[in-house]
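Every read-out reported here was derived from the displayed coordinates using simple, explicitly stated rules and does not represent laboratory data. Bear in mind the structure is a predicted one, so any value in this text is a computation, not a measurement. Glycine gets a Cβ as well: all are built from the backbone with ideal geometry, and neighbour counts include every protein chain shown.
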Amino acid sequence: MKKVVLATRNLGKVEELERMLKAADIDVQVLGLAEFPDMPDVEETGDTFTENALLKARAVSAFTKLPALADDSGLCVDALGGKPGIYSARWAGVHGDDKANLEKVLEGFAATGSTNRGAQFVCSVALVFPAGDKNSGLEVTRVGELVGEIVDTPRGTHGFGYDPIFQPLGESRTTAQIPAHEKDEISHRGKALRAITPDLIALL
């Protein structure tokens, strides 16, 4: 079976990609970084989501000698000048502290006094192939976006990150109130992964 390494230790993201590939009827085994415990952390020093996704995909592909898929994503709030953006996962200072990050965004938004609640979830995905692969040197990137707005009070228990305070355009629910199978259809990550799925089919 063909294999691709998803550059994450987040089991939820591995399962999400598996669901999408299964829905597209692609016979590919998705491995997460949990299966490569010696893989060193990759510093996300890029200035954009795409640069960070490429940094991660290149490092993971080189280490595992397998095709690697990496994403970088975040919340961009209009009233905060597009922040937290690439700093979304560590906005409050500690990487992955969802509650603190979410509270800092709400506090920052309230402090602006703005009535503009506009926000976007953005995800960039990069596919990179290792040396020796038939596609060695080839890099593919795709971007997905979900437009919506910030709500004052967190709602919902699904998802992770900023999902409880983000309400997609035309929805009465936050992304944390939308079941996983529904969210896959509209999410920024879902859109980016679907956009790169034809490349996975053609190249793996």
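Within a 10 angstrom radius of the beta carbon, how do Met20, Met39 rank from fewest other beta carbons to most? Don't jump to the answer; show the numbers that get you there.
On the way: Met20 19, Met39 16.
Result, fewest neighbours first: Met39, Met20.
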Could you check the spin-label model distance between Ala24 and Ala110? Points 7 Å from the Cα along Cα→Cβ, value in nm. 4.2
Taking all pairs of distinct alpha-carbon atoms in region 82-121, Kirkwood radius in angstrom: 10.6
Arrange the peptides 62-75, 161-174, 102-115, 143-156 so that the one whose residues have, on average, the most other Cβ atoms within 10 Å appears first. 62-75, 161-174, 143-156, 102-115
For Leu204, distant residues with modelled amide H under 5 Å away: none
Give, rounded to the nearest 20 debye, the magnitude of the charge dipole that the chain has about its Cα centre when Lys and Arg contribute +1 at Cβ and Asp and Glu contribute -1 at Cβ. 240
Spin-label proximity, Lys134 to region 5-20 - amide N less than 18 Å from point 7 Å beyond Cα toward beta carbon: 5
Across Lys22/Lys83; Lys3/Lys56; Lys3/Lys83, pairs whose alpha-carbon gap is larger than 27 Å: Lys22/Lys83; Lys3/Lys83
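Counting only DSSP beta bridges with both residues in the chain, what percent are antiparallel, rounded to the nearest 5?
Values: 25 of 31 bridges.
DSSP beta bridges in the chain are roughly 80 percent antiparallel.
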Rg and Dmax in Å for the chain, alpha carbons only: what are they? 17.0, 55
Work out, step by step, the length gained on full extension between Ser172 and Asp97: first 0.36 nm times the residue separation, then minus their alpha carbon distance; give nm to one decimal. 24.4 nm
Filtered hits (aspartates and glutamates, Cα-Cα < 13 Å from Lys104, offset >= 8 within chain) -> Asp152
